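Only one structure is covered here, and it is reproduced in the block below.
The values are calculated or read from the model by the stated rules, or taken from the named source; none is laboratory data. Since this is a predicted model, take the numbers as computed values, not measurements. Please note: Cβ atoms are built from the backbone with ideal geometry, for glycine as well, and neighbour counts cover all protein chains shown.
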Amino acid sequence: MTTIDELKLILQNCRTIAVVGLSAEWHRPSYFAAKYMQSHGYRVVPVNPRYAKAGTDILGEHCYAALTDIEFPVDMVDVFRRTEDVLPIAQQAIAIGAKCLWQQIGVVNPQADDLARSAGLHSVLDRCVKIEHGRLFGGLNLVGVNTGVISAKRQVSRV
């Protein structure tokens, strides 16, 4: 289980994010999350063999076929792939010296999590990087959530 303090540390220190499975289609969750992170000062590196083969850039960045093709340091590997596809991605994340393996909402591969942690990486399961960033750094209002005062107290009507 990843603590709030660990999530904050990851998001403060991991400024270059390789997004594995990033789609060039604006309506896909991977695109929306990557664009949000890019707009908050993160460098987003697309990793998707289909687009790399076609020579397609995504969000103004060159797209790579695999993590091991990236020729500069990557801090975080954000995975938008099926759970069964994550283990080889975790192995590549370790090979390139990433600091964090992040499995998006619905992606939970405990074997990849164990491997990443045993190699000294931070590892996050079943969470959205965009949602966590917004929640922890005050950006939820930018994604359609009212961040007014949240209270369990019932409003008292005064007549």
- Candidate set: region 101-120, residues that are among the aliphatic types (A, V, I, L, M) and out of contact with any strand residue (DSSP E or B) (no Cβ under 7 Å at 6 or more places or on another chain); chosen: the one surrounded by the fewest Cβ atoms within 10 Å (Cβ to Cβ): 108
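Can you name every residue in region 112-153 that is assigned to a loop (DSSP other than H, G, I, E, B) and at pLDDT 55 or above? Don't jump to the end; show me each part of the working.
Our first condition is that a residue be assigned to a loop (DSSP other than H, G, I, E, B); within region 112-153, this holds for 119-121, 125-128, 138-139, 144-153.
Of everything in region 112-153, those that are assigned to a loop (DSSP other than H, G, I, E, B) and at pLDDT 55 or above turn out to be 119, 120, 121, 125, 126, 127, 128, 138, 139.
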- State whether the residues of region 80-100 include one that is crowded, with 20+ Cβ neighbours inside 10 Å, in a strand (DSSP E or B) and at pLDDT 95 or above. yes
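Tell me, which residue of region 70-79 that is in a loop (DSSP other than H, G, I, E, B) and under 14 Å from the mean Cα position of the chain (by Cα) is farthest from residue 48 (Cα to Cα)?
Initially, region 70-79 is screened for residues in a loop (DSSP other than H, G, I, E, B), giving 70-75.
Retained after the next criterion (residues that are under 14 Å from the mean Cα position of the chain (by Cα)): 74-75.
Values: 74: 15, 75: 18 Å.
Applying the filter and picking the extreme gives 75.
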- Message: Every residue in region 54-69 that is crowded, with 18+ Cβ neighbours inside 10 Å and either assigned to a loop (DSSP other than H, G, I, E, B) or of a type outside the set (Ser, Thr, Tyr) (or both), please.
- Response: 58, 59, 63, 67
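Just to be sure, is residue 19 of a type in the set (A, V, I, L, M, F, W, C), closer than 24 Å to residue 135 by Cα and in a loop (DSSP other than H, G, I, E, B)? Walk me through how you get there before you give the answer.
Working: of a type in the set (A, V, I, L, M, F, W, C): yes; closer than 24 Å to residue 135 by Cα: yes; in a loop (DSSP other than H, G, I, E, B): no.
Judged against the criteria, residue 19 is not a match.
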- Message: I'd like to verify a number: residues in region 21-37 that are crowded, with 17+ Cβ neighbours inside 10 Å, out of contact with any helix residue (DSSP H, G or I) (no Cβ under 9 Å at 6 or more places or on another chain) and of a type outside the set (Phe, Trp, Tyr), how many?
- Response: 1
